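The values are calculated or read from the model by the stated rules, or taken from the named source; none is laboratory data. Remember, it's a predicted structure, so these values are computed and weren't measured experimentally. Note: ideal-geometry Cβ built from the backbone for every residue, glycine included; neighbour counts use all protein chains shown.
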Amino acid sequence: MNNNYNKDSILKLLDPLTPDNADLLEALHLIQENFGYLSKEALEIVGEKLSLSVAHVYGSATYYADFRFEPPPETIIGWCSGPACLLKNGIGIRDAMLAVFGTELGQQLDNPSVEISMAQCNGTCEQSPQIWINEKVVGKLSVSKAITIARDIKEGK
Amino acid sequence: MSQSYFSLKATADAQYTLWSHPDNPRIDFAYDTSSIAAGIDDLVDEFKAVIKNENLHIDTGMIAGYGLQWANPLIQITSSDGTTVLYGNVTKSDISDLIKEAQGLNRNPLDITLGMLHGQRNDLVTIEKHPYLQLEKERRLLRNLGFIDPANIDHYIARDGYLALSDILERGITDEEIRKEITDSGLAGRGGAFFPTGIKWGFLSSADKENKYLVCNADEGDPGSWVNRIIMESDPHTIIEGMIIAASATYSNIGYIYIRSEYPLAIKLMQKAIDDAYAKGILGNAVLESKLNFDLRIIKGAGAYVCGEETGLIASIQDSRGMPRIKPPFPANSGVFFEPTNVNNVESFASIPMIIRNGSSWYKEYGVDSISGTKLFSISGDIKYAGIMELPWGTKIKDVLKVVGGISNSSSFKALQAGGPLAGYLPSSIAENLELVPEQFKEHNALIGSGGLVFVSDNTCSIQLNLLFSQFVEDESCGRCTTCHGGNQRMTEVFKRISKGGGRKEDMRNLDIIANTLLYSNCVHGQASPTIMKNTVDLFADEYNNCTINKVCSGSTCACPGLIKLMIVDQFNPKLNDALQICPVGAIKKINGKFDINMQDCIRCGACTELAPDAIKQISDGNVYETPSFIPRLFSENFKNLIPETSLITPESITTNTKIRGEKSLSGMQNL
């Protein structure tokens, strides 16, 4: 991930994009992929580049669940909210992990740097119930396994 | 046949013959989202390391899995004589056996063999005989699954890919003839609305504008449906070919494929396919040296379910919040950038080339009177074998349940939840007698939707399931219609209260009012959101009354938290110590040598019953048990990060019996 979050590097990234060309989502994805999140300055630059008001860019970006507006934590635990996982006590897995960290869904913790966020079904239901740890699937979970995983992360293992 | 296609085909044939009859035996790894989840990457590394270290003459490659998702990781071995064998549930311990198999040194078939994909061997059966595939009559949409490398355009062309396109361009088949063929075939929009595709194209065709847009809706958001992903990951070119044919039938010149961001591999493979098609002159100006111009690009979604609605999708493409709007105007009049636009589902586009190639009567060989052809279904839930199947319309649901291994864990079939959170929820007594036909679902006020079939066992409480779905719909509402965002909030509140033990007699009437109000929403998201709730109240009346009035919940792995109690039934069971250790909230205590569970602290996660199933039992005895307080989720995750903490005042945080947020580790929890 690029930490050099300055105007030139963002403009370079957005170089091929043009106004009125269905490029807004692409711009936001590009910035998030490279810098990890969308900063206020980045949204301003996107607006400038695509001839959109900053309010429009901000309004659109906040509509979508994918975008973050502060640097991401080291570990993101994605909790699958799909039906196959829910039938197999996905709720128990979610609540137990939240309880281990004393947090809530989508809340970013500093120590350890972790967040449990809601993720959507992508059709690997043969692995249900499952979570993603930094996008890697941990499948065929049980609540006790999920608690052990969460405690290990909490203790920095 | 145009010269251009002829030369493309000749090159492709030569390549494909070499690939299907390789000099060295080749091991192909099924590479799709499911096999990645099953750990194929590690397996590929190990195989390659062994082959390199031992200096073996074995090649490796990539393939789309054969669709037997439950058997991932899948691999295929193709020998130089052209035979291909499929193996499933492959682990690292199988590597040496499989290498021997590739070298032809194995005498007996391995027990991980699933069947022959190509060619014959006396000791092996063909894959079609596999019990899981007994309901599949013929793979049409999945015809290339297991037979091509999806990242290789030549493989697609060699298997008659782009032949239909070349044919219509070469023979000068008119747009009207194409649309007639599609209409005659009975192809109906596969996104779940089942509007005749050929007729839909007619609307766009008659629009008189310079720029016309075609949009492929690959924002497959319904949880439990992943059929579009399978097509994109296994045969991306068939979608592109379908779109180009649609372009020539509607005089469109610009295309978008809107793919949800949850499918990164599909995005990668579709992008590769588009790049390759441009390089071969199949996309861009003068498609296959004809007069047709068509440009195609991918838009990557960003995690908004309601963008699957066509007007929401269009808004999202044109740089705005992906909020659906009122129709009319319909997209055929005013769509992307207010120009005439046609939105079709992935599966609809993927069906086009084969209909043009083989004719509408061939397509109608399968199906029923009201709808023809085959359809992909993704099957999951409390079953043994989750995966996808290509089934003719009209297949019996009880047969489907049989081939997927029945309901797992010796529980029984309770309900079928088909087609995502807006579609329906039918009890087994009805579902067992249904065929996969949209009209039959409609008779019971349910929808078949886009192809997800979730089989629910009696471990699940319908009320709790309703709560989960209504929270999903609430969360994903775009917020435009008060009826939808407010209505679904109220519906969620009612179900949340019932599941905490606070059900009241008038809830039935309240839910009815909410359902009627939701019908006045502008788009299908709001209108269809009470479907599952209405099915539950109508068809699961006993269960509804039990949870609401009698305070008895029948669920186990998915139950109403306020209606269940955990009891220690065996104080001397040594596993109780494990349960005490695992409890994430310290609700289990050992006082004076005696174990006890404090239900006021217990979050009903089920970890203790998992570890000490004989010592701790879950009961529901008609009493209401206090649950730890949860802050309800009123704001979606990102939005919440943007508002200062202090402004997060929720109804529950100001009631007296609630703990203050942050006071205990539990107090911040949401009850989604």
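When the helices (runs of 4 or more DSSP H) confined to the range B:193-297 are screened for residues that are farther than 19 Å from B:His155 by Cα, among the small types (Gly, Ala, Ser) and out of contact with any His (no Cβ under 7 Å at 6 or more places or on another chain), those reaching at least 2 such residues are found at B:197-206, B:236-250. Of everything listed in (1) within 11 Å of chain A (Cβ to nearest Cβ); (2) out of contact with any Pro (no Cβ under 9 Å at 6 or more places or on another chain); (3) surrounded by 18 or more Cβ atoms within 10 Å (Cβ to Cβ), the single unmet condition for B:Ser411 is (3).
Residue under question is B:Ala188, and the condition is that it be surrounded by 21 or more Cβ atoms within 10 Å (Cβ to Cβ), out of contact with any strand residue (DSSP E or B) (no Cβ under 8 Å at 6 or more places or on another chain) and at pLDDT 95 or above; does it hold?
Numbers: surrounded by 21 or more Cβ atoms within 10 Å (Cβ to Cβ): yes; out of contact with any strand residue (DSSP E or B) (no Cβ under 8 Å at 6 or more places or on another chain): no; at pLDDT 95 or above: yes.
So B:Ala188 fails the test.
Reported count of residues in the range A:46-86, each being more than 11 Å from chain B (Cβ to nearest Cβ) and of a type in the set (Phe, Trp, Tyr), is 0. When you scan the range A:137-152, do you find a residue that is in contact with a helix residue (DSSP H, G or I) (Cβ under 6 Å, 6 or more places away or on another chain) and among the hydroxyl-bearing types (Ser, Thr, Tyr), even just one? Looking through the range A:137-152, at least one residue is in contact with a helix residue (DSSP H, G or I) (Cβ under 6 Å, 6 or more places away or on another chain) and among the hydroxyl-bearing types (Ser, Thr, Tyr). Against the list (1) within 16 Å of B:Ile299 (Cα to Cα); (2) more than 12 Å from every other protein chain (Cβ to nearest Cβ), the condition A:Leu24 fails is (2).
Being more than 28 Å from B:Leu18 (Cβ to Cβ) and among the basic types (Lys, Arg) is the filter here; which residues of the range B:132-149 pass it?
The answer is B:Lys137, and nothing else.
All of B:Asn535, B:Asn488, B:Asn545, B:Asn459 fail the test of being surrounded by fewer than 23 Cβ atoms within 10 Å (Cβ to Cβ) and more than 14 Å from chain A (Cβ to nearest Cβ), apart from B:Asn545.
Of B:Ala515, B:Ala528, which residue is aliphatic (A, V, I, L, M) and closer than 22 Å to B:Phe194 by Cα? Reasoning before the result, please.
On the way: B:Ala515 fails: closer than 22 Å to B:Phe194 by Cα.
Only one candidate qualifies: B:Ala528.
Residues that are within 12 Å of chain A (Cβ to nearest Cβ), at positive phi and touching a helix residue (DSSP H, G or I) at 6+ places or on another chain (Cβ under 8 Å) do occur in the range B:317-325. Apart from one condition, B:Ala246 fits all of (1) hydrophobic (A, V, I, L, M, F, W, C); (2) away from every other protein chain (no Cβ under 14 Å); (3) under 26 Å from A:Gly78 (Cα atoms); the exception is (3). Taking the range A:34-48 as the range and being surrounded by fewer than 19 Cβ atoms within 10 Å (Cβ to Cβ) and either over 27 Å from B:Ile254 (Cα atoms) or in contact with a strand residue (DSSP E or B) (Cβ under 9 Å, 6 or more places away or on another chain) (or both) as the test, the residues that pass are A:Asn34, A:Gly36, A:Tyr37, A:Ser39, A:Lys40, A:Glu41, A:Glu44.
Residue under question is A:Pro129, and the condition is that it be at pLDDT 95 or above and more than 7 Å from chain B (Cβ to nearest Cβ); does it hold? Talk me through it step by step, then tell me what you get.
Details: at pLDDT 95 or above: yes; more than 7 Å from chain B (Cβ to nearest Cβ): yes.
Yes; evaluated as a whole, the condition is true for this residue.
Of everything listed in (1) in contact (Cβ under 8 Å) with a residue 24 or more places away in the chain; (2) closer than 30 Å to A:Asn122 by Cα, the single unmet condition for B:Pro22 is (2). Taking the criterion of being in a loop (DSSP other than H, G, I, E, B) and hydrophobic (A, V, I, L, M, F, W, C), the residues of the range B:344-384 that qualify are B:Val368, B:Ile371.
Does B:Leu269 satisfy being touching a residue at least 40 places away in the same chain (Cβ under 8 Å), over 30 Å from A:Ala119 (Cα atoms) and more than 14 Å from every other protein chain (Cβ to nearest Cβ)? Full working, then the answer.
Details: touching a residue at least 40 places away in the same chain (Cβ under 8 Å): yes; over 30 Å from A:Ala119 (Cα atoms): no; more than 14 Å from every other protein chain (Cβ to nearest Cβ): yes.
Criteria not met by B:Leu269.
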